[in-house]
Structures are given as structure tokens and as C-alpha cells.
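> Got a structure here, written out as C-alpha cells. Questions coming.
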Amino acid sequence: MEEYENIIDLKEFNNKRVLIKEIFEEPLVDVELAGWLYDSRDLGKIKFLILKDISGQVQVTGVKGKVSDDVLKIMDKISRESVIYVKGKVINSKQAPGGKEVIPEQIEILANAEELPIDVTDFSKTELPKRLDYRFLDLHRKKIQAIFKIQSTIMQAYREFMIKEGAIEAVFPSIISSSSEGGTDLFEVKYFNKKAFLSQSCQLYKQMVACSMEKVFTIFTVWRAEKHNTVRHLNEARQLDYEQAFADEFVVMDVLSRAVQYIVKKVLELNKKELEILEVKLKVPDVKYLTFAEVKKIMEKEGVHCEEDDLGTDAEKKLGELFPDTIVFVHDWPLSGKPFYIMPKGNGLSRGFDAIYQGMEISSGGQRIHIPELLEERLKANNLDPKNFKSYIDSFRYGAPPHAGWGIGLERLTMLILGIKNIREVIMFPRDRDRLTP
Ligand code: ATP
Ligand code: MG
């Protein structure tokens, strides 16, 4: 193809374009629309198209004799999901969905869709792996669009909330020279002639910024080379991170609960239609505080397994059943069950916590160690070599206030807010053990 001429003048179209939902909200007559063909029906003398765009869908009706033969001819040959331009008149119609329909004066096919490899109707039964193979096409579905419109609100609301809290948004490096936490498996990358890793958390960086700028937040991508293959783990995930100076774990648990409540309120306010499409009944969560020891006692009574220094999936699930629509903070966590940088509290306990929501961990956090000598001691106790953490430890030698923070998994939060069972549904392009494309 030597040259390509746009079928319609896109600049002119953008000046005149009407979104489909506006047809139902305002008394419009002459409209120019563009979108995808959801469905079509041919009853001989009368032909119907269902046109959809990002805002909704509308019926386009062509009656023989009332609409030009050219337009009727085009109506015959549009395949599902093809992209079309429609110029026409809006009329009221009792039979049409929503009470209005468009009588077309001009229809252009802007892009033809070949035979579809997956079902993208509202009743699609295509299985998730196949849908993910064709995720770009899966994103044509309004259910899938609803999920990601809501996730967009979650991120936006998080930003809004944090700015109101007086936090600054920061961005951090994703390539690091060594493990920030020890433990978790890291993805190795070649960095010129050095060995480097993809970041598994922005822990150290957000601490450094909190120790100078007091309140800091970010939406950070983390990579974990864990070989698990579960419905709640990804190998690349996003975290809503927060860190605050002059704070202990209780200060930041309060911030976390208000952040999640704010996010849920915003989703309720801005995504009524999407929640309806997904049939989700959402409630602003309550907040409950329990010590690890209290949770252990509850689990003993319930006959549910709980480890010595970790909850485990069964106990998390049980907490979700006992306290639905509630953010359950489990604090006074055994020191041995938390990373080396979590502040000890005496009696084998720590200032670390987990937040459980709808039966799953959404966040871990706590007060951090800001005292170099204590940090060295805790590294050794965790069989880690302080020499490998020299620059991290040194960053606390020149005036580092006590500080605390947390990270909420964005995809975890999305799946739990929406009651979705598999985390892969709530990330556009998942990276799991087997998937690297699209
Ligand atoms: P889990 O115990 O559920 O595996 P974790 O304790 O290893 O999680 P953290 O390091 O505490 O995870 O990360 C903070 C939050 O980020 C978690 O509470 C969770 O919401 C989310 N998260 C962590 N790992 C993953 C992952 N592999 N995939 C998706 N989300 C994750
Ligand atoms: Mg955790």
C-alpha cells in the first residue's frame, strides 16, 4: 500500500462527534457516530445494526424505501466488531432499546473485522486463557471494560486521597542492584556488564523519601519470580505504596483504612453503571483491629489452621467470613514472621501488620527500623549479611525520623472489591508463569 487516505476526515469528525450515551441524555437529532458493530439483524424489508462505542450502544434501523439503497447495501455486509461511521437522525421509537434509534443517512466501514477467534458478546462462554490470548479483542466487551473503568477510578481515587493527605507522588527505579528484602525470588536482568534485578518492591526508596519529604506515595510495578501458580498471585503486579515520617503502625493503618474507604466511595459514586453491569453490590468497608494472638485464638475456636508467625490462606478466608465488608487489621505480629526492616516491639512481637479484606491479604505494612545498629542486628537475625545492605543502612545515619508505611496490591484490591475469583481477570495484560504475551 503506497498511501492511505482516511475514509472520513477525523479532525472534522472529532469536532462533531456525538457519544452514544448522549443520544439518550439530550434531545439530539442530527448525529455523527463511530464505534463497533455489536450485532446485526436482517428482516428483509428492515435491517438493524447495534452500534456500540465506549459510552453505550444504540440501534441503527434501515427500512427499505426510507433509507437509501447504498446504505442498505453496506448494512448487509458489515461483520461483527467492524468499525463503522454512522451519520443519521435520532428518532423516538417504542420498540428500540432505550426508546431511541438512529435512521442512517451515511454509513462507512472504517475497519473490517475478520472472523472472530473468541466470542465477545455479553453471553460469551470463551474460557479465560483463550480470552487472554486475544485480550485486545476481549477488551471490546462491556463487562471487561467495566472492570478496567473501575480500576481506573481506584487509581485515580488513590491519587486524589493521597494528595489531600498532603503526600507527594514519587517515581522510583525498577532496576536494582540487589534484593531489597532478601527472600523473594528476583528476575535477573543484564545491565551492561553487570548483573541487576527487577524490583520486587520500592520499600527502600519510599523510606528514603519519607525520611526527607515526610509523606510519599506511588503506584509501583513489582516483579516477583515466584513459581506459584495461584488465582491471587501474578509475577508482575502493581502496588499502591505509602510511607510516612513520624508515624507508627497505628497511624498508617488509619491512613490505609481511610484510603480504601475513600476509594470504595469513589467507585460507588462514579461507577454505578459498571457495578450494575458486573452485578456487584459494594459497601464501604468497616474497620476492625485484632492482635495476631487474638486471631490465633479465634482460629483455634473455629478449628482453622493458623501458623505460628503467619495467618495462611485458611485463616485469611475465615476472617473474611467472620467480618465481611471489613478491613481487618492484624497487628502485634510475631517478629519472626515479618521482614528484617520491621520494628520490633518486645516479647517477640513487631510493629508489622497485615490488612485482610474479603478473606484475602490486601496489604502488609508497619513501622520500619530507622536505627542503623538495630537494622544490622535484625539483618543478622534473619541470616542476611549487613554488608550487602550497606547503602540502605547508611541512609539512616544522617537524621532519619521514625516512619511507617504499607503497600496495597492494586489487582488484589480490584478483585476483592468486585468479587472476582481470578486475579488475571483484573489485569489487562497479565504476566504469570506461562504468559508473556500479549
Ligand atoms: P502474599 O502473602 O499474599 O503472597 P506478600 O506478603 O508476599 O503477599 P507483600 O510483599 O506484603 O506481599 O506485598 C504487598 C501487597 O501486594 C500484598 O498484600 C498483595 O496485596 C500484593 N501482592 C504481593 N504479591 C503479589 C503477587 N505476586 N501478585 C499480586 N499481588 C501481590
Ligand atoms: Mg504481605
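The values are calculated or read from the model by the stated rules, or taken from the named source; none is laboratory data. None of the values given here were measured: they were computed from a predicted structure. Counting neighbours? That spans all protein chains shown, and the Cβs are built from the backbone with ideal geometry, glycine included. Accessible surface is based on the protein model in full, side chains and every heavy atom, while ligands, DNA and RNA are left aside. Shrake-Rupley method; radii C 1.70, N 1.55, O 1.52, S 1.80 Å.
> How many of the residues in region 276-285 are under 15 Å from SER55 (Cα atoms) and either open to solvent by less than 40 Å² (accessible area, probe 1.4 Å) or of a type in the set (Val, Ile, Thr) (or both)? Give the steps one after another, and end with the answer.
Going residue by residue through region 276-285, those that are under 15 Å from SER55 (Cα atoms) are 276-277.
Going one step further and asking which of them are either open to solvent by less than 40 Å² (accessible area, probe 1.4 Å) or of a type in the set (Val, Ile, Thr) (or both), we end up with 277.
Residues in region 276-285 being under 15 Å from SER55 (Cα atoms) and either open to solvent by less than 40 Å² (accessible area, probe 1.4 Å) or of a type in the set (Val, Ile, Thr) (or both): 1 in total.
> Among all residue pairs at least 6 apart or on different chains, which show Cβ distances below 6 Å where the first residue, located in region 387-401, is over 12 Å from LEU375 (Cβ atoms) and the second is at pLDDT 90 or above and not hydroxyl-bearing (Ser, Thr, Tyr)?
Going by the 6 Å Cβ cut-off, the qualifying pairs are PRO401/ALA245; PRO401/PHE246.
> Given (1) in a loop (DSSP other than H, G, I, E, B); (2) near ligand 1 (Cβ under 10 Å from one of its atoms); (3) at pLDDT 95 or above, identify the lone condition not met by GLU181.
Failed condition: (3).
> Could you identify the single residue in PHE187, PHE172, PHE197 that is hydrophobic (A, V, I, L, M, F, W, C) and out of contact with any Ser or Thr (no Cβ under 9 Å at 6 or more places or on another chain)? If you could, list the steps in order and put the result at the bottom.
Details: PHE172 fails: out of contact with any Ser or Thr (no Cβ under 9 Å at 6 or more places or on another chain); PHE197 fails: out of contact with any Ser or Thr (no Cβ under 9 Å at 6 or more places or on another chain).
Only one candidate passes the filter, namely PHE187.
> Which residues, taken from region 186-219, are among the basic types (Lys, Arg) and within 30 Å of ALA157 (Cβ to Cβ)?
Applying the first criterion (among the basic types (Lys, Arg)) to region 186-219 yields 190, 194-195, 206, 215.
Answer for region 186-219, where residues must be among the basic types (Lys, Arg) and within 30 Å of ALA157 (Cβ to Cβ): LYS206, LYS215.
> Output the residues belonging to region 362-383 that are in contact (Cβ under 8 Å) with a residue 24 or more places away in the chain and open to solvent by 50 Å² or more (accessible area, probe 1.4 Å). Don't jump to the end; show me each part of the working.
Start the filter on region 362-383 by keeping residues that are in contact (Cβ under 8 Å) with a residue 24 or more places away in the chain, which leaves 362-372, 374-375, 378-379, 381-382.
Matches in region 362-383: ILE371, ALA381, ASN382.
> From GLY312, GLY352, which residue is without any contact (Cβ under 8 Å) to a residue 24 or more places away in the chain and within 14 Å of ligand 2 (Cβ to nearest atom)? Lay out the reasoning, then the answer.
Numbers: GLY352 fails: without any contact (Cβ under 8 Å) to a residue 24 or more places away in the chain.
Result: GLY312 is the single residue among GLY312, GLY352 that is without any contact (Cβ under 8 Å) to a residue 24 or more places away in the chain and within 14 Å of ligand 2 (Cβ to nearest atom).
> Yes or no: region 416-438 includes at least one residue that is more than 32 Å from the chain's Cα centre (by Cα) and away from ligand 2 (no atom under 16 Å from the Cβ). Steps first, answer last, please.
Filtering region 416-438 down to residues more than 32 Å from the chain's Cα centre (by Cα) leaves none.
No: zero hits.
> Kindly check whether there is at least one residue in region 301-310 that is part of a helix (DSSP H, G or I) and in contact with a Ser or Thr (Cβ under 7 Å, 6 or more places away or on another chain).
Step one: list which residues in region 301-310 are part of a helix (DSSP H, G or I), which gives 301-302.
After this cut, where a residue has to be in contact with a Ser or Thr (Cβ under 7 Å, 6 or more places away or on another chain) as well, the list is none.
Among the residues of region 301-310, not one is part of a helix (DSSP H, G or I) and in contact with a Ser or Thr (Cβ under 7 Å, 6 or more places away or on another chain), which makes the answer no.
> With respect to VAL255, is the statement that it is buried (at least 19 other Cβ atoms within 10 Å of the Cβ), among the β-branched types (Val, Ile, Thr), touching a residue at least 24 places away in the same chain (Cβ under 8 Å) and over 24 Å from MET343 (Cα atoms) true? Lay out the reasoning, then the answer.
Working: buried (at least 19 other Cβ atoms within 10 Å of the Cβ): yes; among the β-branched types (Val, Ile, Thr): yes; touching a residue at least 24 places away in the same chain (Cβ under 8 Å): yes; over 24 Å from MET343 (Cα atoms): no.
Answer is no for this residue.
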